[in-house]
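**Student:** Take this structure, written in structure tokens, and hold onto it; I'll ask about it next.
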Amino acid sequence: MNTHTSIRRAVLAALALSCACQGYPLNRLLDLSDIVDLKYGPALGIGVKVEASDYLGAGVGFASSSADEWYGRRRTGSQTNSLLGVGVVSLDGPIVEPDETSTYTILGFQSRGTRPPVVSRARVGAELWLPGATGGIYVNLGELVDFVLGWFGADIAGDDGVEKGTLLDTGHEDEAGRTAQEEDRE
């Protein structure tokens, strides 16, 4: 064995030990789980919505739900959400009192409020509202990039070390009446 091979092996061993000691394997597994986002909860009404990103989509129907929605490692908590849509013109979010979390769709282009984090806005998927329940599934392309870059030490989502299920800071309370800041203190 030559000197260069010995040095390479020593560097790789030191790098592997360093990564393992800092929660690296757990963060890569969590990054992998962040690629698929879910939305679920009880609902009234009927509707369907598809999105090519958080900025491009369409919805048809009238429905209201109390859904929990995931964006990567973080979730919104159970919040009232409604859909009023006629194709490429729709409103998704609190309809009675629209706020910064509401999404308006006009000719397929969506406006997005203050949530979620930018890296989580590049996702493709659909939601379905049925009498009694709503469900949605998205492939989060931003989190896919975060997963790949994570193998090289980058964390563009800023979620390494964040526990799965941490409330997303929307400024609103979840079903238990807690905000993201209150949950962080617990």
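**Student:** Taking θ as phi - 60°, what are the ³J(HN,Hα) couplings along segment 2-9 by the Karplus curve (6.51, -1.76, 1.60), each to the nearest whole Hz, with x for Gly and Pro?
**Tutor:** 8, 5, 4, 5, 4, 5, 4, 5
**Student:** For an R0 of 30 angstrom, estimate the FRET efficiency from the Cβ-Cβ distance between Val162 and Ile46 and round to the nearest 0.05.
**Tutor:** The formula returns an efficiency of 0.25 here.
**Student:** Find how much the distance from Val148 to Arg9 grows on full extension, using 0.36 nm per residue of separation minus their present alpha carbon separation; answer in nm with one decimal.
**Tutor:** Gain in length upon complete extension: 47.7 nm.
**Student:** If I model a spin label at Leu29 and Ala126 as a point 7 Å from the Cα along the Cα→Cβ vector, what separation in nanometres do I get?
**Tutor:** A separation of 3.3 nm, rounded to one decimal place.
**Student:** Further question on the same structure: Report the full-extension gain for the segment Leu38 to Tyr55: residue separation times 0.36 nm, less the Cα-Cα distance, to one decimal in nm.
**Tutor:** Working it through step by step, the gained length comes to 4.3 nm.
**Student:** Whole-Hz Karplus ³J(HN,Hα) for segment 145-151, in order, using 6.51 cos²θ - 1.76 cosθ + 1.60 and θ = phi - 60°, x for Gly and Pro?
**Tutor:** So the Karplus estimates, Gly and Pro as x, are 5, 4, 4, 5, 5, x, 5 Hz.
**Student:** Here's a follow-up. Under a Cβ-Cβ cut-off of 14 Å, what is the net charge of the residues other than Ala126 that fall near it, where Lys and Arg count +1 and Asp and Glu count -1?
**Tutor:** Taking every Cβ under 14 Å from that of Ala126, the sum is -3.
A short reminder: the numbers here are calculations on the coordinates, not readings from a lab. Just so it is clear, the structure is predicted and the values come from calculations on it, not from any experiment. Note that we place each Cβ from the backbone using ideal geometry, even for glycine, and neighbour counts take in every protein chain shown.
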